[in-house]
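Undergrad: Below you will find the structure I want to go over with you.
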Amino acid sequence: MAPPAGRRVGDDFVDDSDSDVSITGLDDETSRAKAKGKGKAIDRNKKDKGKAKAKEQPYAWEASYSRSWDTVQEDERGRLEGAVQDWIARGRRRRLLAPAAAIRRTIIRHLVLVLDLSSAMLDRDMRPTRFDLMLQYAREFITEWFDQNPLGQIGVVGMRGGLGERIGEMSGNPQDVLKAISERHKLEPTGEPSLQNAIEMARASMSHLPTHSSREITIIFGSLTTCDPGNIHDTLDECLKDRIRISIVALAAEMKICRDLCAKTGGVFGVALNEGHFKDLLFELIPPPAQRAVARPGAQGANLAADLMIMGFPMRLPDTSPPSLCVCHSQMKSEGFLCPRCLAKVCDVPTDCDICGLMIVSSPHLARSYHHLFPVKPYAAVMSLEETPDPSKRCHGCSVAFRDTPATMLGAAGEGMSPLGRYRCPECQNDFCTECDVFVHDVVHCCPGCGK
Amino acid sequence: MDKPSHLSVVIDLSLTQWTLCAQSTNPPGITLQDFLSQLLAFLNAHIACKDENTLAVFGAFPGQSVMLYSSTGEVTTTTAESTDANTYRPFRTLDSTIMSSIAERLDSYDGMTEEAPIGLVGCLTKALCYINRTITTALSSSQGGEGAAASVDPRILVLSVSPDQSSTYIPIMNSIFSAQKLKVTIDVGKIFGAENVFLQQAAHLTGGAYVQVERADALLQYMMMSFLPAPAIRQLISVPTQDRVDFRAACFCHKRIVEIGFVCSVCLSIFCQPVPVCSTCRTKFPMKTLQRLRDARPLAAPPGNAPPRPPVQKNGTTTPARPG
């Protein structure tokens, strides 16, 4: 039984607001579909909700109830199994409908995430505080960003006490970046923010980067003031010269200088209305910008987006190898990567070899995005076993036993659900359980039966 | 520290490679028979370490992958077990189940047809599916209590004798990334043959140990010292780390393993020579770039159609490209 459409969050909000107390006594026409208070927080639902909120509720305090129980319904015997299955089925559908087209990516992105650590971040207009929410979203942002930009690097800069403060060095390892912002007590907000100092610091940390990479600054800005040592428009001009793209997510209100910074450098500016909208704004900055080729005049123009690049895959030296000088810092080091063309030793990848100029990347970085290119074919739901002469007793993936008799479905038959809990690969004709079906398509991206 | 651990073992059962291994004199090889008896001792040790420890064994046979044993009872044989007062019963079940299912499979192969590549990818993905299910069932059975949810401590051990199959590059990388997501450690024991580039990367990326077994007759000792301790304990004892990790990739056009490749900027496909059109996303590359890359190529590789060879001082691990 699908939940009634009118039960979406944000609809008839006032009417429903106290019904969770008295709902057990409420005699609905569809008595089976009693929505009872069973909290089951699901990320995707939250996100949807965020969007709905952003559209329909202008004020943050109106959106404070998280009504996740509305999406979960019990079946006749008062169990949640049906609801969960239904939810999985919907997940399957969503996945099948996802576009399969190749996405154009900027191969190497460099981003400095500037966090506002001024006292304005202690405001409680977003729960629990702007500061905590920012840290939480920043973490999710970093994880997601690295997932979609395998060759990218992120550095973190904080703004507090009128200074720019380097929190995390530019790094291609998500764990390093997350570690940099993991200790909350070190980031305690105080004082005034300084946009200019922070941008200058971010600019300086990106000044040495090779030309083929993108340079971006993303600022989460909660204050309405900035306390700068000089003329910030000079900084803006410098950023333009360095082709740095600045995007700002403001938590308070629009400021002219923020708007200018974004508009002139080709970035995005947005003011968050509430928690969900804040997340949406931030996550919109994850996919590589589409208009890169247009924004960069000169060069080769139209063909800039598609090009063949020569890359080297290095050999990593262990910690125990005899120390030698690295070509990038001239330091004695044991560990490092050997350029495959000139055998020079560099400290970290991805980078350009300082000797022969070859772009050195590690192949896992590239391989991370390949599942977009070769997705697993969707498994077909097995409706009955009549056509199969010799059905397997167990799931081909995890060897769990299939149930013999078809389960009674809760009206989800049209949504690609199998009553037997079997899903068959069109290539190798092996059967998989629901668990493995979801896991293979969402995580592994490789069918255990045919290895494709 | 005291968490029970789950071990999924993937055994490479390529008959050709095992025959070569048994015949090898330098370094001295080991027969499949000896290998299995040492392996069973190791598996028994794992079960004996802790009562809650779980085990799953997957066999990578030529062209297929089979679950040979699991301690949760997915695989059972009907062989009548003779009770032996001198053997701990779980050990006996484990040993006889594994041995009989391997024997059953191997008997069905005749020596006539050319051996298919082993189903390593199938084993890895099956092991991951199995681990994924144990994690999710542990999570759902212990809602409310946090303790049991975090209690599964899974790892995978791959015992390999076969060389790299270039055609399985992408599936193996995908398995590695999902292992990373599930926080599964992949250990690799290379019993025979040259270094295995993909498995090296697997061990490196998931924080496992890659051990090139130099004396195959002392295999049990290698396994006991390196693969028996759970990842939590490995912080205290030093498990052999990898010597050098090879980050080479296989190109999409000929499945060759390349050091210097040409990469499409749109979809990140790797090619071993400059191509005018990307075969994956059909992007046309500008003529100018092609010209430039063709000019630059003789610097990187000897002219002709040969792929870039590894420099001399690395012991060559290039494998003959098999048609995918």
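Undergrad: Can you tell me which residues in the range B:169-201 are within 13 Å of chain A (Cβ to nearest Cβ), of a type in the set (G, A, S) and touching a residue at least 60 places away in the same chain (Cβ under 8 Å)?
TA: none
Undergrad: Facing another protein chain (nearest Cβ under 10 Å), in contact (Cβ under 8 Å) with a residue 12 or more places away in the chain, farther than 21 Å from A:W145 by Cβ and among the basic types (K, R): is that true of A:R341 in this structure?
TA: Answer is yes for this residue.
Undergrad: If you don't mind, another one. Hey, among the residues in the range A:163-194 that are within 14 Å of A:G222 (Cα to Cα) and in contact with a strand residue (DSSP E or B) (Cβ under 7 Å, 6 or more places away or on another chain), which one's surrounded by the fewest Cβ atoms within 10 Å (Cβ to Cβ)?
TA: Per the stated criteria, the residue is A:T190.
Undergrad: Can you spot a residue in the range A:373-387 that is assigned to a loop (DSSP other than H, G, I, E, B) and within 8 Å of another protein chain (Cβ to nearest Cβ)? Give the steps one after another, and end with the answer.
TA: From the range A:373-387, those assigned to a loop (DSSP other than H, G, I, E, B) are A:373-379, A:382-387; that's our starting set.
Filter again for within 8 Å of another protein chain (Cβ to nearest Cβ), leaving A:373-374.
Yes, the range A:373-387 has at least one match.
Undergrad: Can you tell me which residue among A:R160, A:R124 is free of Cβ contacts under 8 Å to residues at least 24 places away in the same chain, basic (K, R) and surrounded by fewer than 24 Cβ atoms within 10 Å (Cβ to Cβ)?
TA: A:R124
Undergrad: Let me ask something else. Inside the range B:253-279, can you point out the residues that are at the interface with chain A (Cβ under 8 Å from one of its Cβ atoms), polar (S, T, N, Q) and more than 27 Å from the chain's Cα centre (by Cα)?
TA: Matches in the range B:253-279: B:S265 only.
Undergrad: Can you pull out every residue in the range A:240-292 that is among the charged types (D, E, K, R) and not in a loop (DSSP other than H, G, I, E, B)?
TA: If the condition is that a residue be among the charged types (D, E, K, R) and not in a loop (DSSP other than H, G, I, E, B), then A:K241, A:R245, A:K256, A:R259, A:D260, A:K264, A:E275, A:K279, A:D280, A:R292 are the ones that fit.
Undergrad: Let me ask another. Of all residues being part of a loop (DSSP other than H, G, I, E, B) and either in the same structural domain as A:S214 (by TED's automatic domain parsing) or aliphatic (A, V, I, L, M) (or both) in the range A:315-355, which is farthest from B:L293 (Cα to Cα)? Just the residue, please.
TA: Taking the range A:315-355 as the starting set, the residues that turn out to be part of a loop (DSSP other than H, G, I, E, B) are A:318-323, A:326-331, A:334-335, A:339-344, A:347-350, A:353-355.
Applying the additional criterion that residues be either in the same structural domain as A:S214 (by TED's automatic domain parsing) or aliphatic (A, V, I, L, M) (or both) yields A:327, A:343-344, A:349, A:355.
On the way: A:V327: 25, A:L343: 20, A:A344: 21, A:V349: 22, A:I355: 18 Å.
Only one residue tops the list, namely A:V327.
Undergrad: I want to confirm something. Restricting to the range B:225-252 and keeping residues that are among the hydrophobic types (A, V, I, L, M, F, W, C) and within 11 Å of chain A (Cβ to nearest Cβ), which single residue is farthest from A:A367 (Cα to Cα)? So that I can check it myself, show each step before the final result.
TA: Step one: list which residues in the range B:225-252 are among the hydrophobic types (A, V, I, L, M, F, W, C), which gives B:225, B:227-228, B:230, B:232-233, B:236-237, B:239, B:245, B:247, B:249-252.
With within 11 Å of chain A (Cβ to nearest Cβ) added as a condition, the list becomes B:245, B:247, B:249-252.
Working: B:V245: 16, B:F247: 11, B:A249: 9, B:A250: 10, B:C251: 11, B:F252: 11 Å.
Ranking the qualifying residues of the range B:225-252, first place goes to B:V245.
Undergrad: Any idea which of (1) at the interface with chain A (Cβ under 7 Å from one of its Cβ atoms); (2) closer than 25 Å to A:P364 by Cβ is the one B:T289 doesn't satisfy?
TA: (2)
Undergrad: Can you tell me which residue is farthest from B:C49 (Cα to Cα) among those in the range B:219-237 that are assigned to a helix (DSSP H, G or I) and of a type in the set (A, V, I, L, M, F, W, C)?
TA: Among those residues, the one meeting the criterion is B:L219.
Undergrad: Kindly provide the set of residues from the range A:144-162 that are over 15 Å from A:T218 (Cβ atoms) and not in a strand (DSSP E or B), ordered by number.
TA: Just the residues of the range A:144-162 that are over 15 Å from A:T218 (Cβ atoms), to begin with: A:147, A:150-151, A:160-162.
The answer is A:D147, A:P150, A:L151, A:G161, A:G162.
Undergrad: Can you work out which of the residues in the range B:216-252 that are more than 18 Å from the chain's Cα centre (by Cα) and at pLDDT 85 or above is nearest to B:Q180 (Cα to Cα)?
TA: Once the filter is applied, the top-ranked residue is B:P229.
Undergrad: Just one of A:S182, A:S205 is more than 25 Å from A:V271 (Cα to Cα), outside any helix (DSSP H, G or I) and assigned by TED's automatic domain parsing to the domain that holds A:S119; which is it? Walk me through it before giving the result.
TA: Working: A:S205 fails: outside any helix (DSSP H, G or I).
Result of the check over A:S182, A:S205: A:S182.
Table: residues versus (1) closer than 24 Å to B:P231 by Cα; (2) touching a helix residue (DSSP H, G or I) at 6+ places or on another chain (Cβ under 6 Å); (3) part of a helix (DSSP H, G or I); (4) within 14 Å of chain A (Cβ to nearest Cβ).
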| site | (1), (2), (3), (4) |
| --- | --- |
| B:K3 | yes, no, no, no |
| B:I11 | yes, no, no, no |
| B:T19 | no, no, yes, no |
| B:T25 | no, no, no, no |
| B:A45 | yes, no, yes, no |
| B:S65 | no, yes, no, yes |
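The values are calculated or read from the model by the stated rules, or taken from the named source; none is laboratory data. Remember, it's a predicted structure, so these values are computed and weren't measured experimentally. Note that each Cβ is placed from the backbone with ideal geometry, even for glycine, and that neighbours are counted across all protein chains shown.
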